[in-house]
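These notes are about the structure you will find just below.
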Amino acid sequence: MSPAGGHGAEYHYGSKEAPHTRDYLWAHIIRLCEELRARRIVDIGCGNGSLCRELASLGYEVVGCEPSAESLQVAQLGAPASVFYRLGVDDDPSVIGNNSFDVAIATEVIEHVVRPRNLPRFAGRLLRPGGRLIISTPYHGYLKNLILALTNRWDAHLNPFWDGGHIKFWSCKTLSQLLNESGFRIVRFIGAGRLPFLWKSTIVVAQKLIDGDSPG
């Protein structure tokens, strides 16, 4: 979706059309929300609000957070049933309501964020104890990395010329470390798109710890 603050450049959505990630991410996100019996969902870095619109159409109470004023305007026009705030992960989320959401979602956001620890902190402020954080980010693992190297595609993959592009590259290990250090327990990882271990993205589901719990 859209970088959620703490970055050097913003995405600007000129239409309410869903991004290409809809094809391989949304079914997983929707199924997870169903499994978790979520009622209130916050979408962090919601971009043009297309995922908010989809979730709201399924009966969820959805709030979107987006730092780009232009993208936020598109989101508000395209998803009038949802509530939106101009907020990034470096901002104070208390205006939305602390400890009040069942699920927080950040799809294809954390790879753009300069200060990534702020994303789980932001989400943790919003989630109820035991609530779930669902993050997706481009997948990186041994086999995929090796194939990129052997086929000489690393320059294209990293693409330093992409304004507002990816500045952090995450693995399951580093995502786990980030979330465990931020008061979450890893529940599971899901590969999305393409073949196993060549996935386009990885989805991590983490649970906000209740006081006294440990992340292990």
Taking the convex hull of the alpha-carbon atoms of the chain and averaging its shadow over every direction gives an area in square nanometres of 11.3 nm²
For the chain, with a Gaussian network of springs between Cα atoms less than 10 Å apart, report the residue from THR137, THR202, THR21 with the top mean-square fluctuation. THR21
What accessible surface, in Å², does a 1.4 Å probe find on LEU72, ignoring ligands, DNA and RNA and rounding to the nearest 10? 20 Å²
Cα-based Lys proximity count in the chain, under 21 Å, for pairs eight or more positions apart or on separate chains: 6
Using a 1.4 angstrom probe and counting only protein chains, how large is the accessible area of HIS28 in Å², to 10? 40 Å²
Cα centroid of the range 68-93 to Cα centroid of the range 96-168, whole Å: 19 Å
Per-residue ellipticity at 222 nm for the chain, helices alone: DSSP H runs ≥ 4 residues times -39500 (n - 2.57), over residue total, nearest 500 deg cm²/dmol? -8500 deg cm²/dmol
Semi-axes (Å, rounded, descending) of the ellipsoid equivalent to the range 56-102 per its C-alpha gyration tensor are 18, 16, 6
Can you send over the solvent-accessible area of ASP90, 1.4 Å probe, protein chains only, in Å² to the nearest 10? 60 Å²
Length gain on complete extension for the stretch ARG86 to LEU158, per 0.36 nm per residue less the alpha carbon to alpha carbon distance? 23.0 nm
At R0 = 25 Å, how high is the FRET efficiency between ILE30 and SER100 if r is their beta carbon distance? Nearest 0.05 is fine. 0.70
Amide H proximity to GLU108 below 5 Å, modelled H, separation 5+ or other chain, gives SER136, THR137
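The values are calculated or read from the model by the stated rules, or taken from the named source; none is laboratory data. All figures in this text were calculated on a predicted structure; none of them were measured in a lab. Heads up, the Cβs are rebuilt from the backbone with ideal geometry, glycines too, and the neighbour counts pull from every protein chain shown. Heads up: the accessible areas ignore ligands, DNA and RNA and are worked out on the full protein's heavy atoms, side chains in. Shrake-Rupley method; radii C 1.70, N 1.55, O 1.52, S 1.80 Å.
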